[in-house]
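**Student:** The structure under discussion is supplied below as C-alpha cells; questions concerning it will follow.
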Amino acid sequence: MIAFRAMAVGAAVLLAGCAVVPQVEQAPESVEVVQPVATQAPAPAPAPTPTPTPTGPGTFLFNGELTQGGWIRGQAPGGTVTARLGDQELALDDEGRFFAAFDRDAGGSAELVARLEDGREIRSPITVSPRAWDIEHINAARRPGGSSEAFMRRRQPELDAIWDARTANSDSDGWQQDFIWPVTGRISGRFGSQRVYRGEPGSYHSGLDIAPGAGVPFVAPADGVVTLAAYDPFSLEGHLIIIDHGAGLNSAFLHASQIFVTEGQRVEQGDRLGLIGATGRATGPHLHWSIKWHLARLDPLLFLGPMP
Ligand SMILES: [Zn+2]
C-alpha cells in the first residue's frame, strides 16, 4: 500500500543560461509515502451509482508534484464509485485513473477521498509543500483599479468566452501524457511571481512566458481539443488559443501573431498551434502559457522536463 515516489523536477537545470528571475525553489526530490486511512462511512447514502472502477489497488496510488501549482496522476482504489480531491470531484477513466492538482495558493494539506460501492470511504491525506514565490515589494501605490464602462462592454464577452472554453470538458486524454515544451527560448516571466504595492498585493503572474522571438511556431504540449481560437484578438490576450486536455485540465496560449487551429479541432502533442507574437497587452513578442485544472492555477514548469 504505497504511493509512488514523486518524480524529480530538475527545474534548476531548465533555466541554466537564461537571463531570468533567479530560481525560486526546487521541488523536493521525493515525497513521503502517503499512509491512507480507511474509515467506515457513518451513513452510507443510497447513491445514483455510476459504474464503479473494476479491480484496482486497495488505496489511492499516485505520483506527481506535491507542491503549490503542482499536480498528481494516479489510480483510485478498486470499487470506487466517486472520488474527489477536497471538494473537487475527479473524472475517473475506465480503469479508475485520474488527474488532480493544487492551486498556486493551496494550503499545506489536501485529501483524496474515494467512496466505494459498499459505502466505505478511503481517504488519503496529502501534504502540499509551499513554494517560495518571487515577490517584489514596490514602494508605490497600486494603480487605481476599475475599468471604464466602455472597456467592460468589450471585455465581458471575452471573459465569458474564456470561461466557457476553460470549463468545456472534452473527452481528450491528453492529461495522461508527459507534456512537452510548446516552444523553447528565453524564459521572460515565471508563474506565480507577484508585486506587492506598499503592502497591497497585486495579482500574480498566471503563466510561464517564453520569448524565442517573433514568428517562431509553438506547438501543443499535449493532446487536446481546441475550445477557443480567437481570430479576432482579445483586448488583453490578443490571438488566444485554449486547448482542453480532458479531466478538467486545460492550457491557454496568449499573444500569438497568427493561429492555425479552429474551435472543435482535435490536436495532438507537437501539432503547430500558432506563431509567437505580441498581440493584446504584451510589451514584446512572447508566448504566455497558462494551465488550469478546474479553478486551480498551475505552474507549467512543473509539467515539463528540462528545456531541450
Ligand atoms: Zn505572461
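**Student:** Below 14 angstrom from the Cβ of ALA140, what's the summed charge of the other residues (Lys, Arg +1; Asp, Glu -1)?
**Tutor:** Taking every other residue near ALA140 into account, the sum is +2.
**Student:** Relative contact order of the range 61-127, please, whole-number percent, based on alpha carbon pairs below 8 angstrom and at least 6 residues apart.
**Tutor:** It rounds to 33 percent for the range 61-127.
**Student:** In Å², what does the accessible area per residue of the range 61-127 work out to with a 1.4 Å probe?
**Tutor:** For the range 61-127, the solvent-accessible area averages 36 Å² per residue.
**Student:** Around ALA247, under 14 Å between beta carbons, what's the net of Lys plus Arg minus Asp minus Glu among the other residues?
**Tutor:** Computed value for this residue: -3.
**Student:** From the residues GLN269, PRO233, SER193, which one has its Cα farthest along the dipole of the range 159-308 in the positive direction, the dipole being from +1 and -1 charges on Cβ of Lys/Arg and Asp/Glu about the Cα centre?
**Tutor:** With unit charges placed on the Cβ atoms, the residue in question is SER193.
**Student:** Quick one: P(r) of the range 61-127 from all Cα-Cα pairs, 10 Å bins, percents rounded to integers, in order of increasing distance.
**Tutor:** Taking all Cα pairs of the range 61-127, the binned fractions are 22, 57, 19, 2 percent.
**Student:** Quick check: net charge around ALA91, other residues with Cβ under 14 Å of its Cβ, Lys/Arg +1 and Asp/Glu -1?
**Tutor:** Cβ neighbours under 14 Å give a net charge of -4.
**Student:** How high is the relative contact order of the range 121-244, given as a whole-number percent (alpha carbon pairs under 8 Å, six or more residues apart)?
**Tutor:** Reported as a whole number, the value is 29 percent.
**Student:** Using a 1.4 Å probe on the protein chains only, how many percent of the accessible area of the range 61-127 belongs to carbon and sulfur?
**Tutor:** For the range 61-127, the apolar C and S fraction of the accessible surface comes to 39 percent.
**Student:** State log₁₀ I(q)/I(0) for the range 70-178 at q = 0.12, 0.13, 0.17, 0.22 Å⁻¹ as given by the Debye formula over alpha-carbon point scatterers of equal weight, solvent excluded.
**Tutor:** -0.67, -0.75, -0.98, -1.21
The values are calculated or read from the model by the stated rules, or taken from the named source; none is laboratory data. Values in this document were obtained by computation on a predicted structure and should not be read as measured data. Neighbour counts run over all protein chains shown; Cβ positions are idealised from the backbone, glycine included. These area figures cover heavy atoms from the full protein model, side chains too; ligands, DNA and RNA do not enter into them. Shrake-Rupley method; radii C 1.70, N 1.55, O 1.52, S 1.80 Å.
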